[in-house]
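Below is one structure, written out as structure tokens; comments come after it.
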Amino acid sequence: MARLAERLSFLYQPYVLAVVSIGYVMGELGHYLIGVTSKAIAMDLHYGDIACQLNNTNYHLSELPDLCHTANNSETCLSFNINGTYYCEWNYNGLGIDYQILAGPSFMAVFTIMGVILGFAADKFNRVRMLTICTVIFGVAIILCGIVKEYWHLVVLRMIVAAGESGCNPLATGILTDIFPEEKRALVMSIFNWGIYGGYGLAFPVGKYIPRLNIADSGWRSVYYGTGLIAIIIAVLTGLTLREPARQSISEGDQETTVKTKKRQMVWAVIKDPRIIMLALAASLRHCGGMCFAYNCDLYYQTYFPDYDLSWWLFAVTIVIGSIGVVIGGIISDKIVAKMGVRSRLAVLAISQIIATPGSFGAVYLGPVWAMVTLGISYFFAEMWFGILFAILVEIVPLQVRSTTVGIFLFVMNNIGGNLPILVDPVSRAIGYRESLYIFFAGFYGISSIMFFLTMFLMEGPQKEAPTPLAKELGHDNKIFTTADESSLATLPKRTAYPNIHIERPYMHESSRL
């Protein structure tokens, strides 16, 4: 049995990646389901805006004598008809400030605070056990979302979901970076952080079509029951089959701290690092653009193209095209960083977001067909960002404060990027819903790409090997030096046994660990 376990040990790494990634997918599915089910929930719980909407999908907008959204009151709305068939309804549309608070701030308020707390805890306690507990918490809370009777019930439960899910990234990031080698790190982090987009993409078909089955007469509530149940199953697998890995040093900063000072780096020294500050600001704007579209895309397309069902298109774009972009981004970054250092990851990051910006604009500006085409192009490049970003982060942060830094970084990124989408509602009332997405979706993509590019110049490039007397202690193999002085060897006669010459090898920094 022990021999069999040893033979199958090579499967442990991908198994850990699969378990923590699926758990993350379930957490993000519970997070983003609100954007797809909001209209059904609003009709049930009575929150948000009431508007005139198309109620008969047998008609295309081009066939309607009057568009529903032009009606400002229920009487006008309910009077629109074609040969006696009334095609508009005056009902809750799932939008409004109530929805924006429910989708964004109520979730992020807890998510960001708990992320920092759990990040600190992850540097001290067993991460596998903590991840198990967090997964149970958000799994149970998602199930309870299916039994709510009041709007405030949903707000409270989304806070609990946020508290549990906030531990997924800092805890799993620490576990994965300790069991995977550096050359695979960006790809692994990209696959794991794909959970955000996996959960987001699954939300469209799950939130749209499962309620239509009306399983056990539960309607929209059934999707929350199922999502929470799967999360609890993953929590059981996490707790019973994963083991806490040994904490390993992965960056030059770790080596310098160990060799020179042997002391723990202060968190404040990391926080005030200009590279971290710039990365956090750029990531916050990029995150805001993604969150704005995630929270509003289904409701946006329902508002502007109510005669088109784009759920499967959105699923395909986010899951298939986005997944390809995630993997390719990680592979490209890993291949380049081995030769050019961490700065090259930022180059890949900046270029990918610059290319994604025009497509994000087209996804809002164009009609349904071309909107999906340009959205697919945008997603292919845009979704490279998250895994590469966190691979950069863990490579420039010392081991001792890695999880803490990830927690603080997420706190800043989610507070700014997660709460700014609340401005979509007031801005849309002033200049229009579509125009507000131009600013917060496409506009913030473009700004973040410029900031990522500028951050690249703050990073150290590949360094020349600097000799120090510590190589023998650390065991580095410095291949640019010979084991003897070549000029001395040249003076020795041919066919003569050379003496055993030993020269101390100088220490050098490995340029791939920045």
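The values are calculated or read from the model by the stated rules, or taken from the named source; none is laboratory data. Keep in mind it's a predicted model, so treat the numbers as computed, not measured. A quick note on method: Cβ atoms are made from the backbone with ideal geometry, for glycine too, and the neighbour counts reach across all protein chains shown. Please note that ligands, DNA and RNA were not included when accessible areas were found on the heavy atoms of the full protein model with its side chains. Shrake-Rupley method; radii C 1.70, N 1.55, O 1.52, S 1.80 Å.
Do the conditions hold for G432, that is, is it open to solvent by 10 Å² or more (accessible area, probe 1.4 Å) and modelled with pLDDT of 90 or more?
Values: open to solvent by 10 Å² or more (accessible area, probe 1.4 Å): yes; modelled with pLDDT of 90 or more: no.
So G432 fails the test.
When A246, A216, A235 are checked against the criterion of being open to solvent by less than 20 Å² (accessible area, probe 1.4 Å) and not β-branched (V, I, T), A235 stands alone in meeting it. Looking across segment 55-110, the residues that are among the aromatic types (F, W, Y), open to solvent by 20 Å² or more (accessible area, probe 1.4 Å) and under 41 Å from the mean Cα position of the chain (by Cα) come down to Y59, W90, Y92. Looking across F125, F111, F107, one residue alone is hydrophobic (A, V, I, L, M, F, W, C) and not in a helix (DSSP H, G or I). It is F125. Looking at V401, V412, which is the one that is assigned to a helix (DSSP H, G or I), open to solvent by 10 Å² or more (accessible area, probe 1.4 Å) and touching a helix residue (DSSP H, G or I) at 6+ places or on another chain (Cβ under 8 Å)? The unique qualifying residue is V412.
Residues considered: G341, G359. Of these, the only one that is small (G, A, S) and modelled with pLDDT of 90 or more is G359. Of note, V156 does not satisfy the criterion of being assigned to a helix (DSSP H, G or I), modelled with pLDDT of 85 or more and in contact with a Phe, Trp or Tyr (Cβ under 7 Å, 6 or more places away or on another chain). Here M114 fits the description: at pLDDT below 90, open to solvent by 20 Å² or more (accessible area, probe 1.4 Å) and closer than 21 Å to I408 by Cβ. Of the residues making up segment 413-464, those that are among the hydroxyl-bearing types (S, T, Y) and touching a Leu at 6+ places or on another chain (Cβ under 7 Å) are S448, T455.
Residue by residue through segment 195-232, note down the ones that are among the hydrophobic types (A, V, I, L, M, F, W, C) and either touching a residue at least 60 places away in the same chain (Cβ under 8 Å) or under 17 Å from I22 (Cα atoms) (or both). Lay out the reasoning, then the answer.
At the first step, the residues of segment 195-232 found to be among the hydrophobic types (A, V, I, L, M, F, W, C) are 196, 202-204, 206, 210, 213, 215-216, 220, 223, 229-232.
Those that are among the hydrophobic types (A, V, I, L, M, F, W, C) and either touching a residue at least 60 places away in the same chain (Cβ under 8 Å) or under 17 Å from I22 (Cα atoms) (or both): I196, L202, A203, F204, V206, W220, V223, L229, I230, A231, I232.
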